[in-house]
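Working notes, structure below.
No lab work stands behind these numbers, since they all come straight from the coordinates. Only a predicted model underlies this, so the values are computations on that prediction, with no experimental measurement involved. Glycine gets a Cβ as well: all are built from the backbone with ideal geometry, and neighbour counts include every protein chain shown.
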Amino acid sequence: MKTSSQPSKSSQPWWQWVLMYPTLAVAIVGAVPQYQQWLWAVFRGLPPGSDVSELQAQDSAWQQNVDCLTRIQHVTPPSETPYAIDLLTCPSGDILLTVRPLNATAQAVSRWIITNKLFQTAATSGLISSAHAQAPPPAPSVAQPISVLDVRKVGSQVVRRVQLSNGTCVDQTIDSYTGRHLADKPAPCTKFASR
């Protein structure tokens, strides 16, 4: 009967495995930032594969442009789409784009177009030259403004008190990370009560 003087692979300590397979250690350590992003997204109820930097930029744009939301009129140009498009241009250069489906089954979505990022992207990808080659869009006819009476941000939610063109008011709750409209509730046509 032969006895082996070498220990079996299964009895080796874990650190010997790491020394034997350094790529495994590099892969595990290198993935830590990705795990942090996944945890950040999951903790906020978002899909793990979400673009965390873009979500944080959207949240930051909501915070930076809160004053703009109440001072400037929204414009809804006419379109031949199954949804209405609402635009708000802020002095910071950021544009809030809201898309509202005409059917009541889908929710509206708002996204900030952060224009300084567009210039950075355009400079690297040649987007400016292709944009000049496109035909100009048709001139919009009479726009229908929506008045924003007041805005407050609580955590990752933005609540806008909006006066609609028919004179009624609603509180719109928006997720500041995704721009998704969470709820519309009837509200009085006054500013929020100060705390």
(request) Pull out the extension gain between Ala27 and Ile85, defined as 0.36 nm times the separation in residues minus the alpha carbon to alpha carbon distance; nm, one decimal. (result) 16.4 nm
(request) Sticking with the crude label model, points 7 Å out along Cα→Cβ, report the distance from Leu97 to Ser194 in nm, one decimal please. (result) 3.7
(message) Using amide H atoms built in the peptide plane, which far-off residues or other-chain residues are under 5 Å from Cys189 H to H?
(response) none
(request) Return the long-range amide H neighbours of Ile146 (sequence gap of 5 or more, or a different chain), with a cut-off of under 5 Å between placed amide H atoms. (result) His74
(request) List every residue whose amide H lies under 5 Å from the amide H of Ser176, counting only residues 5 or more places away in sequence or on a different chain, with H placed 1.01 Å from N in the peptide plane. (result) Gln157, Val158
(request) For Val170 paired with Gln12, estimate the spin-label separation in nm (one decimal), with each label point 7 Å from Cα along the Cα-to-Cβ line. (result) 6.4
(message) Let me check I have the definition right: for region 22-111, take the eigenvalues of the Cα gyration tensor, multiply each by 5, take square roots. What are those semi-axes in whole Å, largest first?
(response) 36, 18, 10
